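Participant: Dropping the structure in here first, questions after.
Rule-based calculations on the coordinates, nothing more; no lab input. Keep in mind it's a predicted model, so treat the numbers as computed, not measured. Cβ sites come from the backbone with ideal geometry, for glycine too, and all protein chains shown count toward neighbours.
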Amino acid sequence: MDSQKVDMFLISNSKYFESHQMGIIRERLLQTDESKWASISTIQFKDPTTSLIVSILAGGLGIDRFLIGDTGLGIGKLLTCGGLGVWTIVDWFLIQAATREKNLLILQQYLY
Amino acid sequence: MTKAGKIEHFLFALWVAGLCYILFSNFYPIENTSFCIIKNVTGMPCPSCGSTRSVLLLGEGKFLEAFKINPLGYVIVFIMTIIPATFVYGLIKHKNLLSEIFFKAEKLIRKKYIFIGFVVLIFINWIWNFYKGL
């Protein structure tokens, strides 16, 4: 894919990915062919800020984990009352990074 | 470490923590303590309020009372037996059995109708908790 499109993608989607992954993403996007551009440009990524807000408001019920697609961990969190409160608080700090990791996985599915 | 390895270690650690918590609650019961952030901040019960008491009642063989306090106790006991069993079996067979089962269960519950059914059941349980005044 040509670098202009790739850079445009990176700029408009920078908040959805971890900064240290941007280089790798750029490389992979440059190697992917043009035909995938249509599908890639329409991917809906999960917003880390939204998941943080959900985590603070309803983290005890595991809803933040359900939101990013971690269904199993979400159930675990729900059954244990937010891991006895500990997991709830830990996730306040982890959930944004976890969301960005999940977004990378979503993107990788489209690149193959 | 592979993703499967990480999940295995995390689930096993979770199991150990859960076991310690249950044993602690059993031998050193303290009145009216709850680790639930929702209960402590808003005073409202959450869907799994009473689940510890339920598990302890199941340990005593009181199946009906355990269900009445919180049916999720059954789910927790089920999970607490599956985790070590598959973890150990997986170690013996040199496969990541626990994480395989975990990912299969995740796929299963992600199916639309199963997920909606699950949410509805949890919701009903939550409302029942309010009724019971937990």
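Participant: With the condition being within 11 Å of another protein chain (Cβ to nearest Cβ) and closer than 24 Å to A:I89 by Cα, I'd like the helices (runs of 4 or more DSSP H) fully within the range B:1-116 carrying at least 1 qualifying residues. Steps first, please.
Facilitator: Details: elements: B:3-27, B:37-42, B:51-59, B:63-69, B:72-93, B:97-110.
Counting at least 1 such residues, we get B:3-27, B:37-42, B:51-59, B:72-93, B:97-110.
Participant: State which residue pairs qualify: first residue within 9 Å of another protein chain (Cβ to nearest Cβ) and inside the range A:57-82, second residue among the hydroxyl-bearing types (S, T, Y) and surrounded by 24 or more Cβ atoms within 10 Å (Cβ to Cβ) in any location, beta carbons under 6 Å apart, and separation of 6 or more residues or different chains.
Facilitator: A:G59/A:T88; A:G60/A:T88; A:L79/B:S48; A:C81/B:S48; A:G82/A:T88
Participant: Right, here's the next one. Which of the residues belonging to the range A:85-103 are within 9 Å of the chain's Cα centre (by Cα), surrounded by 20 or more Cβ atoms within 10 Å (Cβ to Cβ) and within 14 Å of chain B (Cβ to nearest Cβ)?
Facilitator: The answer is A:A98, and nothing else.
Participant: Another question, if that's okay. What is the residue count in the range A:84-94 for residues that are free of Cβ contacts under 8 Å to residues at least 40 places away in the same chain and either in contact with a helix residue (DSSP H, G or I) (Cβ under 6 Å, 6 or more places away or on another chain) or part of a loop (DSSP other than H, G, I, E, B) (or both)? Show your work before the answer.
Facilitator: As a first pass, look at the range A:84-94 and keep what is free of Cβ contacts under 8 Å to residues at least 40 places away in the same chain: A:84-91, A:93-94.
Then drop every residue that is not either in contact with a helix residue (DSSP H, G or I) (Cβ under 6 Å, 6 or more places away or on another chain) or part of a loop (DSSP other than H, G, I, E, B) (or both), which leaves A:85, A:87-88, A:91.
Summing the residues that are free of Cβ contacts under 8 Å to residues at least 40 places away in the same chain and either in contact with a helix residue (DSSP H, G or I) (Cβ under 6 Å, 6 or more places away or on another chain) or part of a loop (DSSP other than H, G, I, E, B) (or both) in the range A:84-94 gives 4.
Participant: Of the numbered conditions (1) under 30 Å from B:K39 (Cα atoms); (2) under 14 Å from the mean Cα position of the chain (by Cα); (3) surrounded by 19 or more Cβ atoms within 10 Å (Cβ to Cβ), A:L61 satisfies every one except a single condition; which is it?
Facilitator: (2)
Participant: Here's another thing I want to ask about it. Please tell me if A:A97 is in contact (Cβ under 8 Å) with a residue 12 or more places away in the chain and in a helix (DSSP H, G or I). Outline the logic, then answer.
Facilitator: Working: in contact (Cβ under 8 Å) with a residue 12 or more places away in the chain: yes; in a helix (DSSP H, G or I): yes.
Spelling it out, A:A97 is indeed in contact (Cβ under 8 Å) with a residue 12 or more places away in the chain and in a helix (DSSP H, G or I).
Participant: Among the residues of the range A:37-57, write down those that are touching an Asp or Glu at 6+ places or on another chain (Cβ under 7 Å) and aliphatic (A, V, I, L, M). I'd like the intermediate steps shown before the answer.
Facilitator: Taking the range A:37-57 first, the residues touching an Asp or Glu at 6+ places or on another chain (Cβ under 7 Å) are A:51, A:54-55.
The answer is A:V54, and nothing else.
Participant: I need the full set of residues from the range A:57-83 which are of a type in the set (G, A, S) and part of a helix (DSSP H, G or I), in order please. Give the derivation first.
Facilitator: Applying the first criterion (of a type in the set (G, A, S)) to the range A:57-83 yields A:58-60, A:62, A:69, A:72, A:74, A:76, A:82-83.
Of everything in the range A:57-83, those that are of a type in the set (G, A, S) and part of a helix (DSSP H, G or I) turn out to be A:A58, A:G59, A:G60, A:G72, A:G74, A:G76, A:G82, A:G83.
Participant: Which of the numbered conditions does B:L72 fail, given that it passes all the others? Conditions: (1) within 20 Å of A:L73 (Cβ to Cβ); (2) in contact (Cβ under 8 Å) with a residue 40 or more places away in the chain; (3) of a type outside the set (F, W, Y); (4) touching a Phe, Trp or Tyr at 6+ places or on another chain (Cβ under 8 Å).
Facilitator: Every listed condition holds for B:L72 apart from (4).
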